[in-house]
Amino acid sequence: MSLAFMQTALAEKARDGYLRSRQCVEYEQEGVICINGKHFLNFSSNDYLGMRQHPDVLQAWVEGLAKYGGGAGASPLVTGYTRAHAEVEAYVASMLNRDAVILFNSGFAANQALCQALFSQPGTIFADKLMHASAIDGARHSDATIKRFKHNDVQHLKTLLDKSSSDKNLIMSEGVFSMDGDVAPIHDLIGLSEQSQATLMLDDAHGFGVLGEQGGGTVDALSLSQEKVPVLMATFGKAIGTAGAFVAGSQTLIDYLINFARHYIYSTAMPSAQAVATLQSLKLLSKNDSRSVLVENIRYFRQQASAQGIPLTASETAIQPIIIGHPVKAVAIAERLQSLGVWVTAIRYPTVPKHQDRLRVTLSAQHSLQDIQALVDALHIVLGEQECLS
């Protein structure tokens, strides 16, 4: 096979302003990253609560490594499932008032596994237009028919459901949407799922750990039972500060995934030391004030940004997009911010729809008010420069 098509595809990406590259972070400490020997305030991390570097979490990693070693050594159905995994599953199940939980190596794997296992036979998946790529790809690689409803448009979803002749339907949405930072109309989705006898699946990767009295995410914040949200997926790699993901639901659902989720059956299990650190981080959620600090940081950023005329969306979460609308311009603004010591990543198509290219600001409990003021001042300068050039 000739590989010439690769160079052509890359050239097209570059021409359209969508070519991606990686930046190697040399180290990070207290919200500051070092790249190419230069230091930047990091406003592009999903570590919303700063748990990655919490001393108790780091100590748990060390203890887990001493007890279990560096990896799990086998798949969960061979000898890779340890007491550390079982304890995380039990803790999350109790925290969310669910029958049972199963762990996956990533949110991408969990969403893929869910879609493919639940739809090894025909049915219909109704997915929000802005659903994460992992869920959409999982749906596409299943035997389901996929129908996309307009973002958070319950009436459009109802129209699609009314037209469906399938007797096996799944509604997929996110608790907090990863690029827009807005939240789903959960109660309306629950009402529609009950009315149409469809199952509701919620991806709460960006809500879990942040929302709710106990940090249990959307279902905790809204006191949603297992009957209301039968299928719940969330990750540990964001607010929890470790890695991996889980699916929570009925014992039947979890038993089914253990037996039919190929991403679980045929993958080496999550490292047990990682599970030990994850459990420690989960236990800390209700014992520190990081979530209240994050809430204050979000409030302060929105207040100061609005005062400077920086265009914001309606998001009230840690994800604060600033829509630019052009890929090349978004990258140029991000690079100019870097020259001022602020790291904010430009997000472009296909991660977001065309003409929705943006800066994706993510706030953390690690940020001080001075850090946030520096961000706002830099944005004011750079966006003002762009206005003068346009």
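Could you tell me whether any residue of the stretch 108-124 is free of Cβ contacts under 8 Å to residues at least 12 places away in the same chain, not acidic (Asp, Glu) and not assigned by TED's automatic domain parsing to the domain that holds SER45? Looking through the stretch 108-124, none of the residues is free of Cβ contacts under 8 Å to residues at least 12 places away in the same chain, not acidic (Asp, Glu) and not assigned by TED's automatic domain parsing to the domain that holds SER45. When VAL62, VAL57 are checked against the criterion of being more than 22 Å from ILE265 (Cβ to Cβ), among the hydrophobic types (A, V, I, L, M, F, W, C) and more than 21 Å from the chain's Cα centre (by Cα), a single residue qualifies: VAL62.
Yes/no per residue for (1) surrounded by fewer than 23 Cβ atoms within 10 Å (Cβ to Cβ); (2) in contact with a helix residue (DSSP H, G or I) (Cβ under 9 Å, 6 or more places away or on another chain); (3) of a type outside the set (Phe, Trp, Tyr):
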residue: MET95; (1), (2), (3): yes, yes, yes
residue: ASP99; (1), (2), (3): yes, yes, yes
residue: PHE108; (1), (2), (3): yes, yes, no
residue: ASP128; (1), (2), (3): no, yes, yes
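Residues are listed down the side, and each one gets a yes or a no for (1) surrounded by 17 or more Cβ atoms within 10 Å (Cβ to Cβ); (2) assigned by TED's automatic domain parsing to the domain that holds ALA239; (3) without any contact (Cβ under 8 Å) to a residue 24 or more places away in the chain:
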site: GLU26; (1), (2), (3): no, no, yes
site: GLU30; (1), (2), (3): no, no, no
site: CYS34; (1), (2), (3): no, no, yes
site: HIS39; (1), (2), (3): no, no, no
site: PHE43; (1), (2), (3): yes, no, no
site: GLU63; (1), (2), (3): no, yes, no
site: ALA66; (1), (2), (3): no, yes, yes
site: GLY69; (1), (2), (3): no, yes, no
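Taking ALA239 as the residue in question, decide whether it is of a type outside the set (Lys, Arg), crowded, with 19+ Cβ neighbours inside 10 Å, part of a loop (DSSP other than H, G, I, E, B) and at pLDDT 95 or above. Considered against the rule, which asks whether it is of a type outside the set (Lys, Arg), crowded, with 19+ Cβ neighbours inside 10 Å, part of a loop (DSSP other than H, G, I, E, B) and at pLDDT 95 or above, ALA239 comes out as yes. Being of a type in the set (S, T, N, Q) and within 23 Å of ARG98 (Cα to Cα) holds for only one residue in SER165, SER178, SER223, and it is SER223. With respect to the conditions (1) farther than 12 Å from THR317 by Cβ; (2) outside any strand (DSSP E or B); (3) not aromatic (Phe, Trp, Tyr), GLY207 lacks only one, and its number is (1).
With respect to the conditions (1) under 30 Å from LEU379 (Cα atoms); (2) surrounded by fewer than 16 Cβ atoms within 10 Å (Cβ to Cβ); (3) of a type outside the set (A, V, I, L, M, F, W, C); (4) under 22 Å from the mean Cα position of the chain (by Cα), SER286 falls short on a single one, namely (1).
Here's the yes/no breakdown for (1) of a type outside the set (Gly, Ala, Ser); (2) at pLDDT 95 or above:
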site: LEU77; (1), (2): yes, yes
site: ASN97; (1), (2): yes, yes
site: ALA100; (1), (2): no, yes
site: LEU114; (1), (2): yes, yes
site: HIS132; (1), (2): yes, yes
site: ASP153; (1), (2): yes, yes
site: ASP167; (1), (2): yes, no
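Per-residue answers, yes or no, for (1) buried (at least 16 other Cβ atoms within 10 Å of the Cβ); (2) under 20 Å from the mean Cα position of the chain (by Cα):
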position: ALA133; (1), (2): no, yes
position: ASP137; (1), (2): no, yes
position: SER142; (1), (2): yes, no
position: GLY175; (1), (2): yes, yes
position: ASP180; (1), (2): yes, yes
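Listed by first and then second residue, the pairs with beta-carbon distance under 8 Å, at least 6 apart or on different chains, first residue in the stretch 1-15 and under 16 Å from PRO327 (Cβ atoms), second of a type in the set (A, V, I, L, M, F, W, C), are LEU10/LEU19; LYS13/LEU19.
Residues considered: LEU257, LEU282, LEU337. Of these, the only one that is in contact with a helix residue (DSSP H, G or I) (Cβ under 8 Å, 6 or more places away or on another chain), part of a helix (DSSP H, G or I) and within 22 Å of ALA74 (Cβ to Cβ) is LEU257. Criterion applied to ASP377, ASP357, ASP371 was being modelled with pLDDT of 95 or more and touching a His at 6+ places or on another chain (Cβ under 9 Å), and the one residue passing it is ASP357.
The values are calculated or read from the model by the stated rules, or taken from the named source; none is laboratory data. Quantities reported herein were computed from a predicted structural model and do not represent experimental measurements. Positions of Cβ are backbone-derived with ideal geometry, glycine not excepted, and every protein chain shown enters the neighbour counts.
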